[in-house]
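Notes follow the structure.
The values are calculated or read from the model by the stated rules, or taken from the named source; none is laboratory data. What you see is a predicted model, and the numbers here were worked out from it, not measured in a lab. Neighbour counts are summed over all protein chains in view; Cβ atoms, including those assigned to glycine, are modelled from backbone coordinates with ideal geometry. With ligands, DNA and RNA removed, areas are computed over all heavy atoms of the protein, side chains included. Shrake-Rupley method; radii C 1.70, N 1.55, O 1.52, S 1.80 Å.
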Amino acid sequence: MTIQWFPGHMTRARRQIQDKLKLIDIVIELLDARVPISSRNPMIDEILRDKPRLIVLNKSDLADSRTTEQWIAAFAEEGHACLAVDSSTGTRVNEIPVRARAILHAMIERQIAKGINPRAVRGLIVGIPNVGKSTLINRLAGRNIAATGDRPGVTKGQQWIKAGTELELLDTPGILWPKFEDQLVGYRLAMTGAIREQVLNVEDIAFFAVKVLVKRYWATVAERFGIDQPPKDMEDADEIIRVMEDIGRKRGCLVSGGRVDLEKTSGIILREMRAGKLGRISLEAPEDR
Ligand SMILES: Nc1nc2c(ncn2[C@@H]2O[C@H](COP(=O)(O)OP(=O)(O)O)[C@@H](O)[C@H]2O)c(=O)[nH]1
Ligand SMILES: [Mg+2]
């Protein structure tokens, strides 16, 4: 994370979101489609309580679409509306206002029944750092971004951004912390590039990456790096390291004595994975929960 989170920061972040919740009708909870578990705030249900919510799986262009579909079904089963988007190109982003209104259908109907002209639905985007909150806000705002301004009845300083005619968003998203206590979460977020590499050991991150990759996408890994010996036992660390060494040898990452330079190999694996050279990859599936 570019931001260091301490208990004081978490309390403040939580309070800030709770203050904003009073102003809005619906929360747009942004998750990374590749790591919906690890990119989720551990206290989100407690923070949002019964506020209507739309889960948006962002960066779906980088995730494997079959797994993304499984996630959408899994969230639906828990009663959460869920949609996958790519904010960098805008794919399916325009479905967000439509889905938000559908979730708030009853509220809108009540307003109409009372003779109130229904106003635009008000939303807040929340998510951990680097999940794509700013990118999505800019996407949703499109050309209308210049049309923001203060509205009566809104806390001073808060700006509403129009996302079409039916949705307006608070201009500052709610920033949440990820689930730090779980080391695996740290590694998975590092694999996606959400956490700066410097805070974790590159070889350790690559080890975790290879472990997930060979389990879920062996054929792709084998083809990309020209290797053909899958690990005999996925849970055997020596076997995972052996695969990393095979990759290193194929890429000429050797040091004196013919040993494999694991640090250099790790850098290559992570770079190529993040650059999408291994295709679309999901590091977490619903059955991992
Ligand atoms: N491939 C891809 N990249 C994305 C997407 N959304 C955001 N990004 C990239 O993710 C990085 C973090 O995005 P940003 O909006 O700054 O995240 P924030 O910290 O949540 O505001 C940037 O490099 C974005 O270009 C997406 O849907 N697909
Ligand atoms: Mg941002």
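Which of the helices (runs of 4 or more DSSP H) contained wholly in the stretch 173-289 include at least 2 residues that are over 28 Å from the mean Cα position of the chain (by Cα) and of a type outside the set (V, I, T)? Working first, answer last.
Details: elements: 183-192, 202-225, 237-250, 262-274.
Of the helices (runs of 4 or more DSSP H) lying wholly inside the stretch 173-289, those with at least 2 residues that are over 28 Å from the mean Cα position of the chain (by Cα) and of a type outside the set (V, I, T) span 237-250.
For V202, indicate whether it is closer than 21 Å to S60 by Cα and either among the aliphatic types (A, V, I, L, M) or free of Cβ contacts under 8 Å to residues at least 40 places away in the same chain (or both).
No, not satisfied.
Condition (residue is in contact (Cβ under 8 Å) with a residue 40 or more places away in the chain and among the β-branched types (V, I, T)) applied to the stretch 63-70: is it met by at least one residue?
yes
Which of the residues spanning the stretch 96-139 are part of a loop (DSSP other than H, G, I, E, B) and within 16 Å of ligand 2 (Cβ to nearest atom)?
I128, P129, N130, V131, G132
If you take the residues of the stretch 100-117 that are over 22 Å from A81 (Cα atoms) and open to solvent by less than 80 Å² (accessible area, probe 1.4 Å), which of them is nearest to ligand 1 (Cβ to nearest atom)?
At the first step, the residues of the stretch 100-117 found to be over 22 Å from A81 (Cα atoms) are 111-117.
Still in the list and also open to solvent by less than 80 Å² (accessible area, probe 1.4 Å): 111, 115.
Values: Q111: 32, G115: 40 Å.
Filtering first and then ranking leaves Q111.
Search the stretch 162-180 for residues that are more than 11 Å from L140 (Cα to Cα) and pair each with any residue that is open to solvent by 60 Å² or more (accessible area, probe 1.4 Å) and within 12 Å of ligand 1 (Cβ to nearest atom) when their beta-carbon atoms are under 8 Å apart and the residues are at least 6 apart or on different chains.
Going by the 8 Å Cβ cut-off, the qualifying pairs are P173/S134; I175/I3.
This table checks each residue for (1) surrounded by 15 or more Cβ atoms within 10 Å (Cβ to Cβ); (2) at pLDDT below 95.
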residue	(1), (2)
T172	yes, yes
E181	no, yes
V199	no, yes
I227	yes, no
D246	yes, no
S256	no, yes
A275	no, yes
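Quick check on L54: is it out of contact with any Ser or Thr (no Cβ under 9 Å at 6 or more places or on another chain) and either at pLDDT 95 or above or open to solvent by less than 40 Å² (accessible area, probe 1.4 Å) (or both)? Give the steps one after another, and end with the answer.
Details: out of contact with any Ser or Thr (no Cβ under 9 Å at 6 or more places or on another chain): yes; either at pLDDT 95 or above or open to solvent by less than 40 Å² (accessible area, probe 1.4 Å) (or both): yes.
When the stated conditions are applied, L54 passes them.
Considering only the stretch 163-186, state which residues are aliphatic (A, V, I, L, M) and under 30 Å from V199 (Cα atoms).
Filtering the stretch 163-186 for residues aliphatic (A, V, I, L, M) gives 163, 167, 169-170, 175-176, 184-185.
Hits for the stretch 163-186 are I175, L176, L184, V185.
Part of a loop (DSSP other than H, G, I, E, B), away from ligand 2 (no atom under 16 Å from the Cβ) and within 17 Å of the chain's Cα centre (by Cα) - does that describe any residue in the stretch 47-60?
Yes, because at least one residue in the stretch 47-60 is part of a loop (DSSP other than H, G, I, E, B), away from ligand 2 (no atom under 16 Å from the Cβ) and within 17 Å of the chain's Cα centre (by Cα).
Test N41 against the stated conditions and say whether it is touching a residue at least 24 places away in the same chain (Cβ under 8 Å) and open to solvent by 60 Å² or more (accessible area, probe 1.4 Å). Steps first, answer last, please.
On the way: touching a residue at least 24 places away in the same chain (Cβ under 8 Å): yes; open to solvent by 60 Å² or more (accessible area, probe 1.4 Å): no.
Criteria not met by N41.
Any chance you could count how many residues in the stretch 129-170 are open to solvent by less than 50 Å² (accessible area, probe 1.4 Å), among the β-branched types (V, I, T) and at pLDDT below 80?
Qualifying residue count, the stretch 129-170: 2.
Being assigned by TED's automatic domain parsing to the domain that holds S65, more than 15 Å from the chain's Cα centre (by Cα) and at pLDDT 95 or above is the requirement here; does I26 meet it?
So I26 fits the description; yes.
Tell me which residues, restricted to the stretch 78-89, are within 9 Å of ligand 1 (Cβ to nearest atom) and open to solvent by 10 Å² or more (accessible area, probe 1.4 Å).
Those that are within 9 Å of ligand 1 (Cβ to nearest atom) and open to solvent by 10 Å² or more (accessible area, probe 1.4 Å): D86, S88, T89.
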